[in-house]
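Down below is the structure, laid out as structure tokens.
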Amino acid sequence: MNLPNTDAENRVVLNVGGIRHETYKATLKKIPATRLSRLTEALANYDPILNEYFFDRHPGVFAQVLNYYRTGKLHYPTDVCGPLFEEELDFWGLDSNQVEPCCWMTYTQVCMVYQVFQNYLWFISLK
């Protein structure tokens, strides 16, 4: 006799930077071809004793990443720098071009300031 899947069987625990997040497996399938859409228990970062996946990544950015899976809207957290945000999105397999219009200006300004600073550092290193 086949019993229907329980709610617990449909959930997944993601420990990101020491912060535990819980969501449904179906939520992670909403954005295909990403790291989270391809989770399996065979991955090295799965802990069968704790029944969770561990990622040593920025938990604050991950909160926005997980919210993107849940709502389809990617927001830029203003408490991190643009390059860190880009690095985290790249790790999770997401595109920074998906940032919502309400956050786009802030995000692009932070990235431009960072680029100007990097150019300045390069320029003064030539002297």
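The values are calculated or read from the model by the stated rules, or taken from the named source; none is laboratory data. Quantities reported herein were computed from a predicted structural model and do not represent experimental measurements. Backbone-built Cβ (ideal geometry, glycine too); neighbour counts: all protein chains shown. Quick note on the areas: whole protein, heavy atoms, side chains included, nothing else; ligands and nucleic acids left out. Shrake-Rupley method; radii C 1.70, N 1.55, O 1.52, S 1.80 Å.
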(message) Suppose the chain between GLU41 and THR106 were pulled fully straight at 0.36 nm per residue; how much longer would it get relative to their current alpha carbon spacing?
(response) 19.6 nm
(message) Once each part is reduced to its C-alpha centroid, what is the distance from region 69-102 to region 6-33 in angstrom?
(response) 18 Å
(request) Given the options PRO32, PRO83, PRO48, state which has the largest fluctuation in a GNM of the chain using a 10 Å cut-off (strictly under) for Cα springs. (result) PRO48
(request) Could you grab the relative contact order for the chain? Cα pairs under 8 Å, six or more apart, rounded to a whole percent. (result) 20 percent
(request) Express in Å², to the nearest 10, the accessible area of LYS29 obtained by rolling a 1.4 Å probe over the protein heavy atoms while all chains stay in place. (result) 120 Å²
(request) Give the cross-link partners of LYS25 among the aspartates and glutamates, using a straight C-alpha distance below 16 Å as the criterion and excluding same-chain residues fewer than 8 apart. (result) ASP7, GLU9, GLU41, GLU52
(message) To check you understand DSSP bridge types, tell me what percent of the beta bridges within the chain (both residues inside) are antiparallel, rounded to 5.
(response) 65 percent
(message) Which of PHE91, PHE54, PHE62 ends up with the largest GNM mean-square fluctuation for the chain, with Cα atoms connected below 10 Å?
(response) PHE91
(request) Give the span of the chain's Cα atoms along each principal axis, as three whole-Å numbers ordered largest to smallest. (result) 75, 30, 23
(message) Helix-only mean residue ellipticity at 222 nm, the chain, DSSP H runs n ≥ 4 weighted -39,500 (n - 2.57), per residue, nearest 500. What is it?
(response) -13500 deg cm²/dmol
(message) Using the Cα centre of region 21-111 as the reference point, and only Cβ charges (+1 on K/R, -1 on D/E), how large is the resulting charge dipole? Debye, rounded to the nearest 20.
(response) 420 debye
(request) Within region 80-112, list the GluC sites (Glu not before Pro) lying in a DSSP loop whose Cβ has at most 12 other Cβ atoms in a 10 Å radius. (result) none
